[in-house]
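Step one of this worksheet: look at the structure below.
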Amino acid sequence: MKKLQSKQHNIYLKATTYHGVSLIEMLVMISLISVIFTVGVTLLAFLMRVELQGTARIRSSMNLQRLSKNFREDVAAARKASILSKENPKLQKLKLDLKDDIFIVYSAGENDNGKFIVREKNNSTQLISRNEYLISESQFQFSIENINQRQIASLRLKFPPDGSHENNTIKVPFRKLDFDAAINQKYAYVIKAKE
């Protein structure tokens, strides 16, 4: 009888024993979770920074493409071009005379977002349209020169060295960018000698 009771007692004890977690196991789990959380937050911050840099680069590239297209179309459609304020490069403006008292002026602007090039299409009395092209921290210069009996208008952008990232594939691939077009000649290609 005693053996029977002891078996039942052992079964009862086995059924009611608690399987808990020791303090050391709990501390190990907390430390592992905190390490995983730290790595995850660091990785998320890195990915957000890379995404912001990529977005800014795409936006800058799109602005340069729009500026290039509009500048070349405007120069090709212009009857005459002239540079205003030649002595001060920061205040330099390019005026393109179109037809019937319509002209386009390219100039510099700056606000809280950074530097930009302004394109204003004017009638003799009023402003028709205004476009802004953000060009970050670059310098620009307008020039008009005669090449092969044609007048060529140019916009040269100079970019500072890119130290934003250690990886060379992410850096801006060029330091100087030229937009050239023949004045009053649509679909004309400009071939200049290399400097």
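The values are calculated or read from the model by the stated rules, or taken from the named source; none is laboratory data. What you see is a predicted model; the values in this text were computed from it and never measured. Cβ: placed from backbone, ideal geometry, glycine included. Neighbour counts: every protein chain shown. Remember, those area values only see protein heavy atoms, side chains included, never the ligands or the DNA or RNA. Shrake-Rupley method; radii C 1.70, N 1.55, O 1.52, S 1.80 Å.
Label separation (Lys69 vs Ser31): 5.9 nm, computed from points 7 Å beyond Cα along the C-beta direction.
Per residue, the accessible area of the range 94-143 comes to 55 Å² when a 1.4 Å probe rolls over the protein heavy atoms. In this simple spin-label approximation, Ser143 and Lys99 carry label points 7 Å from Cα along the Cα→Cβ vector, and these lie 3.2 nm apart.
Between Lys115 and Glu51, full extension at 0.36 nm per residue minus the direct alpha carbon distance yields a gain of 20.8 nm. When the listed pairs Lys69/Lys158; Lys99/Lys158; Lys121/Lys158; Lys115/Lys186; Lys93/Lys121 are checked against a 22 Å cut-off, the alpha-carbon distance exceeds it for Lys99/Lys158; Lys121/Lys158; Lys115/Lys186.
Within the shell of other residues whose beta carbon sits under 12 angstrom from the beta carbon of Ala78, the net charge comes to +4, with Lys and Arg scored +1 and Asp and Glu -1. Among Thr42, Thr125, Thr55, the order of accessible area from largest down is Thr125, Thr42, Thr55, computed with a 1.4 Å probe on protein heavy atoms. Overall, the anisotropy analysis places the range 38-114 in the prolate class: the square-rooted eigenvalues a ≥ b ≥ c of its C-alpha gyration tensor yield a/c not less than 1.5, with a/b exceeding b/c.
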